[in-house]
Every structure is written in structure tokens, then in C-alpha cells.
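Trainee: For reference, the structure I am asking about is given below.
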């Protein structure tokens, strides 16, 4: 079962919430007391293989059965390392799950890793792109110039997400990051970022060992059974 984590996972940005006050507005009141928190993902380098550059959720293009079957196999209970729920103020932002065929996560052996984010609110992609950069700056990792190129490409790739959407990243055998998007049971391939460096930087947002979000990280790794 998911359990709300009260410690500080990756810093969150302001998000738009359907039928609720905007977190962009709320954050202006909370700023003196709280750091703005962020979550997210996925960027593209200049070497991008885009499966769908228009609205992925609305694409009717079927994926090869063996590809989706393989992905769904990896995202099964037997390969799940852990899960965690991220809350911001009074709302759940997303539920995260981490998978690996070997049953272990290792930054030195990323291929096979799958991270799934199930969103519980509507989030504009521009906020995700902007705050992904902010998160990398906070972590002080990677090459800022290369990351800017990834962010620029990402702005053309990602859709806005709505409540219930899932964004999935899988690290391929060569270290590349393959992104998928699921809405209403329809699974679409967003594209591949051909960079092992990106895969490491991206997953670091959730899995890098840092003091401010240890409980969340350990729950995602399955190292803290209290949060399983």
C-alpha cells in the first residue's frame, strides 16, 4: 500500500490543478515556510527518436505487441522494487513505482530500470520542463549546456498531463532512455533519448542519495518496508 511521505522528496514546482486552487497561487503564500517542490522527468538530447511528436495520448498508432508485452512484463509485481507517494500540501501529486528485472537498482547498472509516475493532478508540461532544470541545478550534477539541449527537445515531446496519466521511463541495453505515456489504458511511445548520461541525470532526481528525501528514496528502492 502507498503511504504519504512527509519528508522532502525532489523539490516540487507550481502546478495547475483542475477544480482546485492553483499550486502556483498557493506557493506564493507558502514560500516563506516551504521550499517549492518538484518532480519529474524526461528529457531529450539532439539524438532523439520520437515515436510521436504530436499529442501522444491521442495517438491511435498501435505499438508492436512484443514491445508493449515486454514493458508490461517488467512492470509486474514480481519485478517491483518499491513504491512511494508524493504529497504537496493537501494533495497527492503522484505515485511512483520502481522496477528492475534483477530485483535490484544500481546506478552502475541502469539498463532494465523502469520508473513509473502515476499523476494525481493536472500538470502543465512547461512547468515540468522549467522545474526539471531547477532540480538539476539544485543537485549540481551533469553538464548544464547538455541539459539545456535536453530541455529544449523535451518541450517539443511531452504532453500536458492530467489526473490518472502515467509517464514511464525505461533504460535500454545501451543506456538510452525510452519514454512511454499512458492515458485511459492507451499506451504510447514518446521516444528515445540516446544518452546514458541523461538516464543517470534523470533518475538521480528520485534516486540519488541525499539527506533531504531519504524516506521517499528508500521506499522507492524497497529498502524501507514500512512504506511498501
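The values are calculated or read from the model by the stated rules, or taken from the named source; none is laboratory data. Every value quoted in this text rests on a predicted model; they were computed, and no experiment measured them. For neighbour counting, all protein chains shown are included, and Cβ atoms are generated from backbone atoms with ideal geometry for every residue, glycine included.
Trainee: Spot the failing condition for residue 164; the list is (1) modelled with pLDDT of 90 or more; (2) buried (at least 16 other Cβ atoms within 10 Å of the Cβ); (3) in contact with a strand residue (DSSP E or B) (Cβ under 8 Å, 6 or more places away or on another chain); (4) on the phi > 0 side of the Ramachandran plot, and only one is missed.
Mentor: Among (1) modelled with pLDDT of 90 or more; (2) buried (at least 16 other Cβ atoms within 10 Å of the Cβ); (3) in contact with a strand residue (DSSP E or B) (Cβ under 8 Å, 6 or more places away or on another chain); (4) on the phi > 0 side of the Ramachandran plot, residue 164 violates only (2).
Trainee: Which of the residues that make up the range 147-168 are in contact with a helix residue (DSSP H, G or I) (Cβ under 7 Å, 6 or more places away or on another chain) and closer than 16 Å to residue 200 by Cα?
Mentor: Correct list: 147, 150, 151.
Trainee: Moving on to the next point. Which residues, counting only those in the range 197-216, are in contact with a strand residue (DSSP E or B) (Cβ under 8 Å, 6 or more places away or on another chain) and either in a loop (DSSP other than H, G, I, E, B) or farther than 22 Å from residue 82 by Cα (or both)?
Mentor: 198, the sole residue that qualifies.
Trainee: Can you say whether residue 36 is touching a helix residue (DSSP H, G or I) at 6+ places or on another chain (Cβ under 6 Å) and modelled with pLDDT under 50, as far as the supplied structure shows? Explain how you work it out, then say what you get.
Mentor: Working: touching a helix residue (DSSP H, G or I) at 6+ places or on another chain (Cβ under 6 Å): yes; modelled with pLDDT under 50: yes.
In short, yes.
Trainee: From the list 110, 98, which residue is in a strand (DSSP E or B), modelled with pLDDT of 95 or more and within 16 Å of the chain's Cα centre (by Cα)?
Mentor: So the residue among 110, 98 that is in a strand (DSSP E or B), modelled with pLDDT of 95 or more and within 16 Å of the chain's Cα centre (by Cα) is 98.
Trainee: Restricted to the range 113-138, and to residues that are in contact with a strand residue (DSSP E or B) (Cβ under 6 Å, 6 or more places away or on another chain) and not in a loop (DSSP other than H, G, I, E, B), which residue is nearest to residue 202 (Cα to Cα)?
Mentor: Only one residue fits best here, namely 115.
Trainee: Let me ask something additional. Which count do you get for residues in the range 155-185 that are within 22 Å of residue 112 (Cα to Cα) and not in a loop (DSSP other than H, G, I, E, B)?
Mentor: Summing the residues that are within 22 Å of residue 112 (Cα to Cα) and not in a loop (DSSP other than H, G, I, E, B) in the range 155-185 gives 12.
Trainee: Also: Specify the residue that is modelled with the highest pLDDT; the eligible residues are those in the range 51-78 that are surrounded by fewer than 17 Cβ atoms within 10 Å (Cβ to Cβ) and in contact with a helix residue (DSSP H, G or I) (Cβ under 9 Å, 6 or more places away or on another chain).
Mentor: Filtering the range 51-78 for residues that are surrounded by fewer than 17 Cβ atoms within 10 Å (Cβ to Cβ) and in contact with a helix residue (DSSP H, G or I) (Cβ under 9 Å, 6 or more places away or on another chain), the one modelled with the highest pLDDT comes out as 73.
Trainee: Taking into account only those residues within the range 121-133 that are more than 17 Å from residue 199 (Cα to Cα) and over 13 Å from the mean Cα position of the chain (by Cα), which is modelled with the lowest pLDDT?
Mentor: Once the filter is applied, the top-ranked residue is 130.
Trainee: Continuing with this model, one more query. How many residues are modelled with pLDDT of 90 or more and in a helix (DSSP H, G or I) if we restrict to the range 139-150?
Mentor: Of the residues in that region, 7 qualify.
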